[in-house]
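> I'd like to ask some things about the structure below.
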Amino acid sequence: MEDGKRGRSMPMELLKYGLRRGHRPYRDIPATPDLRKRYDVVIIGGGGHGLAAAYYLSHYHGISDIAVLEKGYLAGGNTARNTTTIRSNYLTLPSIEFYREGLSLFETMSQELGFNVMFSQRGQLTLAHSDAAMRSFRLRAEMGKHAGIRAEVVDARTVQTLCPHVNMDFGGQHEVLGGLWHADGGTARHDAVAWGYAKRAAEKGVEIHQRTEVTGFGITGSRMTKLHTNRGTIAAGQILQAAGGMNGRIGEMAGIRLPIRNFPLQAMVTQPLKPFMDILLSSSNLHTYLVQSSRGEIVIGGGTDPYQLISTRSSLPQKEALATGALQLMPFLHNVKILRQWAGITDITPDFSPIMGASPLQNYWLDAGWGTWGFKATAVAGKRMAETIATGRVPDLLMPFALERFERFELLNEMGATAAGH
Ligand SMILES: Cc1cc2nc3c(=O)[nH]c(=O)nc-3n(C[C@H](O)[C@H](O)[C@H](O)COP(=O)(O)OP(=O)(O)OC[C@H]3O[C@@H](n4cnc5c(N)ncnc54)[C@H](O)[C@@H]3O)c2cc1C
């Protein structure tokens, strides 16, 4: 009854609204305020990670005297450019446990934020075109099962059932022998994830400063005391660096040498097609992955460009490489038009794992090295970095990702498990 009544009154409200003379602009995120002189916490980078950290600090730790400084527009960095693969089937135990928690946070994110992030858990299939690939998938599947995620090796017949459109033969060149099936894998709408965190953090009083670039630092002893920006200098109790592709550069500015190299990563989408593929499909051998978006477009991605560069220009050779891979996997796409192509700047570490936790400075925390794989970690990194800042203690889940692992030779090699599948 109640619902019925509410349903009937809606059009009248709409009509009244429509007949009103002036309409106040509705803002999900408050306009950028003036910068104050000091904040308890300053977050460098208004991408998904920085915004998620602001959300968890303000909602779970009672800290809302926070400024998020974003040099461009909200989540316009890699958060806006990624292809939204979410999965947890990595190779090393610390990574699987970390991404398992990350994936589980996506499962409840829309309810948590009261904002539809369109999480679609449809499973990810990575194809094996060689015996060596099958062997490495067996290892990953066993590691995954051990850590309690859904990961299993499947044979060629099951590949055909899961994805009837895939070309199984390639004239003998890249014959599909089987694959790694990860039923937990999925996608979510990247902008919605960032907006959801931003909106809820702003409701708690977090200030989001767009077009505010950090240009330098002031250090006293072992503490970062000042941040210089294009809008003035501010002080902060704690600082979180979550600057995506610029993490290496910002680290340098802060006097911290991070083992990060920048490579462009490109992707593209086709014109919309009728829904035909309800899984995420990837091939490490072909350096290509395909996923059909909720709009019907086929999102096509692959590995990074082969050279270091800080640039977001897309290139013809990469378009050709991605198109070649896509056509080998699904030759019937040959007449489909490419609508858009774009690039992001990735921050790649030597072991293809992120750097999270303490820095050599007491009040300066790192959330860096997210390379081609950090969207799926948006929630867990934000949540656990917020815990780190609030308590001053790095949680066990993040300890293996410490910067010092490079000094201790305790690398977490995820290169093979990251590859084209991100
Ligand atoms: C083409 C492509 C495909 C990808 N696909 C996937 C995928 O399928 N799955 C996956 O998990 N990951 C994927 N990634 C990686 C993923 O996008 C990133 O790891 C993730 O978005 C990182 O989020 P972030 O918030 O740390 O960084 P960002 O979203 O880049 O945010 C950092 C922000 O910091 C700001 N900033 C930089 N310098 C300054 C400064 N001096 N002052 C103030 N602000 C500054 C930037 O403007 C930026 O908005 C992909 C990346 C690309 C480029």
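The values are calculated or read from the model by the stated rules, or taken from the named source; none is laboratory data. For clarity, every value in this text was computed on a predicted model and none was experimentally measured. Methodologically, a virtual Cβ is constructed for each residue, glycine included, from the backbone with ideal geometry; neighbour enumeration extends over all protein chains shown.
> Can you name the residue in the range 142-171 that is among the small types (G, A, S) and more than 27 Å from L105 (Cβ to Cβ) and is also surrounded by the fewest Cβ atoms within 10 Å (Cβ to Cβ) among such residues?
Among those that are among the small types (G, A, S) and more than 27 Å from L105 (Cβ to Cβ), it is G171.
> Sticking with this one: Are any residues in the range 159-213 acidic (D, E), at pLDDT 95 or above and farther than 16 Å from G76 by Cα, and if so, which ones?
D184, E203, E207
> Quick check: is even one residue across the range 173-187 free of Cβ contacts under 8 Å to residues at least 60 places away in the same chain and either within 16 Å of the ligand (Cβ to nearest atom) or among the aliphatic types (A, V, I, L, M) (or both)?
yes
> Could I ask something else about it? When you check A141 against the structure, is it out of contact with any strand residue (DSSP E or B) (no Cβ under 7 Å at 6 or more places or on another chain), touching a residue at least 24 places away in the same chain (Cβ under 8 Å) and in a helix (DSSP H, G or I), yes or no?
no
> State whether one or more residues within the range 235-244 are in a loop (DSSP other than H, G, I, E, B), within 13 Å of the ligand (Cβ to nearest atom), more than 30 Å from F170 (Cα to Cα) and modelled with pLDDT of 95 or more.
yes
> Let me ask something else about it. Scan the range 215-233 and give yes if some residue there is touching a helix residue (DSSP H, G or I) at 6+ places or on another chain (Cβ under 7 Å), closer than 30 Å to T288 by Cβ and in the same structural domain as R384 (by TED's automatic domain parsing), otherwise no.
The answer is no, given that none of the residues of the range 215-233 is touching a helix residue (DSSP H, G or I) at 6+ places or on another chain (Cβ under 7 Å), closer than 30 Å to T288 by Cβ and in the same structural domain as R384 (by TED's automatic domain parsing).
> Then there is this: Take the conditions within 30 Å of I389 (Cβ to Cβ) and at pLDDT 95 or above and apply them to I338. Does it pass?
So I338 fails the test.
> Something else: What's the number of the only condition in (1) away from the ligand (no atom under 11 Å from the Cβ); (2) surrounded by 24 or more Cβ atoms within 10 Å (Cβ to Cβ) that G62 fails to meet?
G62 satisfies every listed condition except (2).
> N82: within 14 Å of the ligand (Cβ to nearest atom), within 14 Å of T378 (Cβ to Cβ) and in contact with a His (Cβ under 7 Å, 6 or more places away or on another chain), yes or no?
Judged against the criteria, N82 is a match.
> With A323, A379, A390 as the choices, which residue is assigned to a helix (DSSP H, G or I), more than 10 Å from the ligand (Cβ to nearest atom) and more than 27 Å from G416 (Cβ to Cβ)?
None of the others qualify; the one that does is A390.
> Which of the following residues is within 11 Å of the ligand (Cβ to nearest atom), farther than 30 Å from V153 by Cα and either acidic (D, E) or in contact (Cβ under 8 Å) with a residue 60 or more places away in the chain (or both): H190, H209?
H209
> Now for a different question. Among the residues of the range 95-141, what is the count of those that are buried (at least 22 other Cβ atoms within 10 Å of the Cβ) and small (G, A, S)?
So the count comes out to 3.
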